[in-house]
Amino acid sequence: MWLWALLPVGLAVFGTVGIWLVFGMAVSNGTVNVTVEFPYISTCGSFSPQSCIFSQVCNTCAVLALWVVVIRFQQIRDYGDDSKVNLASIILGFISSIGISIIGNFQQSVLLGPHLLGACLAFFVGLVYFWLQAWLTYRAAPSPERCWVGLIRTVCCSSCTLLVILMAVFHNTGNRTGGAICEWALVMIFFVQFGLFGAEFRHIDYHKLTVQRKG
């Protein structure tokens with residue numbers, strides 16, 4: 001049923017609109033000043049009232065991302081690929097999703113340590129997750145859009161890797177505007193990658209979870 005494709009697409013749209021809404025509120029109420037420096041996403045979401053929306057956006061995206069990760073794991077397994085790579089992907093997907101929730105619940109202006117931990121889990125672990133998905137696209141997915149989805153996913157992963165490196169370099173050299181721009185671009189591409197799952201989820205007829213008792 002093609003309706004399953006709306007899940008990852010909805011995640012991408014909701015997350016994109018949500019964080020730009022937070023940015024718009026932060027600029028409008030003066031908690032950030034874009035004429036001085038371009039702000040990090042977390043900076044925009046550190047102050048009230050947009051901090052409440054930021055937390056809700058992150059928590060909702062974390063739940064939707066977990067759902068997408070589980071369905072993708074089952075889809076690849078049902079294609080006949082029960083490899084350790086697929087198992088590793090669901091574990092990394094879970095860890096990355098938890099990181100998204102940590103980012104939203106521990107703003108940098110309140111508890112910087114947990115916030116940075118969440119950012120590392122979301123960005124670095126999430127990047128590894130998408131690289132595994134790029135590999136699994138060619139290995140396990142017999143869908144007709146495998147070629148173009150795999151190509152886009154590989155280009156996106158390569159771009160994200162470059163952006164992560166640039167973000168770290170800019171941040172450590174004191175170029176906060178450059179680091180922030182890289183962060184925004186990184187998150188936008190992450191949402192694009194989640195949205196790409198829609199091309200594969202449209203082939204799902206139904207989805208269910210089962211619980212098995214020990215024999």
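The values are calculated or read from the model by the stated rules, or taken from the named source; none is laboratory data. Predicted model only: the values in this text are computed from it and were never measured. Glycine also receives a Cβ, built like all others from the backbone with ideal geometry; neighbour counts cover every protein chain displayed.
Overview of results
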| item | result |
| --- | --- |
| Residue that is at pLDDT 95 or above and surrounded by fewer than 18 Cβ atoms within 10 Å (Cβ to Cβ), where the choices are VAL85, VAL70, VAL34, VAL17 | VAL17 |
| All positions within region 170-185 that are among the polar types (S, T, N, Q) and assigned to a helix (DSSP H, G or I) | ASN172, THR177 |
| Sole exception among (1) touching a Gly at 6+ places or on another chain (Cβ under 6 Å); (2) over 21 Å from GLN193 (Cα atoms) for VAL57, by number | (2) |
| Count of residues meeting criterion [assigned to a loop (DSSP other than H, G, I, E, B) and buried (at least 21 other Cβ atoms within 10 Å of the Cβ)] in region 47-62 | 0 |
| Close pairs from region 62-90: first on the phi < 0 side of the Ramachandran plot and touching a residue at least 24 places away in the same chain (Cβ under 8 Å), partner small (Gly, Ala, Ser) and buried (at least 16 other Cβ atoms within 10 Å of the Cβ), Cβ under 6 Å, at least 6 apart | ALA62/SER97; ALA62/SER101; ALA65/SER97; LEU66/SER97; VAL69/GLY93; ILE76/ALA140; TYR79/ALA140; ASP81/ALA140 |
| Residues that are in contact (Cβ under 8 Å) with a residue 24 or more places away in the chain and either closer than 20 Å to LEU166 by Cβ or of a type in the set (A, V, I, L, M, F, W, C) (or both), drawn from region 109-128 | VAL110, ALA119, LEU121, ALA122, PHE123, PHE124, VAL125, GLY126, LEU127, VAL128 |
| Residues that are touching a residue at least 12 places away in the same chain (Cβ under 8 Å) and closer than 25 Å to VAL68 by Cβ, drawn from region 14-39 | PHE14, GLY15, THR16, GLY18, ILE19, LEU21, VAL22, PHE23 |
| Search result, residues across region 168-196 that are among the polar types (S, T, N, Q), more than 15 Å from CYS44 (Cα to Cα) and more than 12 Å from the chain's Cα centre (by Cα) | ASN172, THR173, ASN175 |
